[in-house]
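First comes the structure, then the notes that go with it.
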Amino acid sequence: SQTIHQWPATLVQPVGSPLSLECTVEGTSNPNLYWYRQAAGRGLQLLFYSVGIGQISSEVPQNLSASRPQDRQFILSSKKLLLSDSGFYLCAWTRGSSEQYFGPGTRLTVT
Amino acid sequence: DQQVKQNSPSLSVQEGRISILNCDYTNSMFDYFLWYKKYPAEGPTFLISISSIKDKNEDGRFTVFLNKSAKHLSLHIVPSQPGDSAVYFCAARPPQGGSEKLVFGKGTKLTVNP
């Protein structure tokens with residue numbers, strides 16, 4: 001069966017510090033991968049998606065970036081965090097269907 | 001421009017009664033719709049979906065209805081249980097190949113009271 005992992009589960013970072021969130025998927029190959037953010041009181045905003053290694057599409061302009069160094073690994077990064085980057089970050093995958101399967105999420109608080 | 005709208009931020013029902021969650025969309029090209037359930041501090045879990053060629057899909061206590069002419073879908077939960085208390089997201093798929101991107105609504109928080 002397929003499993004999706006995200007870490008860390010929670011993170012508190014000061015403004016201006018770097019960020020690296022990691023997502024890995026097990027039990028499948030060549031998945032589509034997605035990064036979402038859920039800000040307080042808001043819905044799910046798609047940040048990035050990837051259909052293959054090294055292929056990243058950005059949905060919204062921001063100071064975040066994403067990379068896919070391996071088939072089942074998706075990384076969300078920032079060089080300098082802003083207060084507005086606080087939120088709940090979710091990684092998701094799909095392969096051959098529209099049902100996206102989400103990871104447990106990372107709660108990021110920028111102070 | 002919000003293409004998928006869930007106009008009720010919250011809904012409260014009694015245990016055993018029906019819960020009806022609504023979702024409206026603006027893009028008539030959406031061809032697939034999904035509902036997700038999310039507990040606090042967890043990732044959303046897929047609940048049920050419906051293709052645009054159907055008007056109803058049922059799975060146990062959960063039924064999704066699609067009214068294409070009104071660009072409206074709804075999720076019915078019968079009977080509602082306290083464990084159903086969660087935030088429910090409606091999502092729609094644009095007709096594009098490869099990316100399988102979904103457009104999500106802002107969610108409706110359902111509270112089922114014992």
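The values are calculated or read from the model by the stated rules, or taken from the named source; none is laboratory data. These numbers come from a predicted model, not from an experiment. With ideal geometry, Cβ positions are generated from the backbone for all residues, glycine too; neighbour counts draw on all protein chains shown.
Check whether at least one residue in the range A:37-49 is assigned to a strand (DSSP E or B), among the charged types (D, E, K, R), in contact with a Leu (Cβ under 6 Å, 6 or more places away or on another chain) and within 14 Å of another protein chain (Cβ to nearest Cβ), and report yes or no.
yes
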When you look at residue B:74, is it under 10 Å from the mean Cα position of the chain (by Cα), more than 10 Å from chain A (Cβ to nearest Cβ) and either under 20 Å from residue A:44 (Cα atoms) or not aromatic (Phe, Trp, Tyr) (or both), yes or no?
yes
Before we move on, is residue A:97 of a type in the set (Ser, Thr, Tyr), under 10 Å from the mean Cα position of the chain (by Cα) and either more than 10 Å from chain B (Cβ to nearest Cβ) or part of a loop (DSSP other than H, G, I, E, B) (or both)?
no
For the list (1) modelled with pLDDT of 95 or more; (2) surrounded by fewer than 21 Cβ atoms within 10 Å (Cβ to Cβ); (3) under 27 Å from residue A:59 (Cβ atoms); (4) aliphatic (A, V, I, L, M), I need the number of the one condition that residue B:70 fails.
(3)
Every residue in the range B:55-69 that is without any contact (Cβ under 8 Å) to a residue 12 or more places away in the chain and not in a strand (DSSP E or B), please.
B:60, B:69
Please go through the range B:26-54 and give me each residue that is assigned to a strand (DSSP E or B), closer than 21 Å to residue A:39 by Cβ and of a type in the set (Ser, Thr, Tyr), ordered by number.
B:36, B:45
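Looking at the range A:10-24, can you tell me whether even one residue there is within 27 Å of residue B:35 (Cα to Cα) and buried (at least 20 other Cβ atoms within 10 Å of the Cβ)?
If we filter the range A:10-24 for residues that are within 27 Å of residue B:35 (Cα to Cα), which is where we start, we get A:10, A:21-24.
Applying the additional criterion that residues be buried (at least 20 other Cβ atoms within 10 Å of the Cβ) yields A:21, A:23.
Checking the range A:10-24: at least one residue is within 27 Å of residue B:35 (Cα to Cα) and buried (at least 20 other Cβ atoms within 10 Å of the Cβ).
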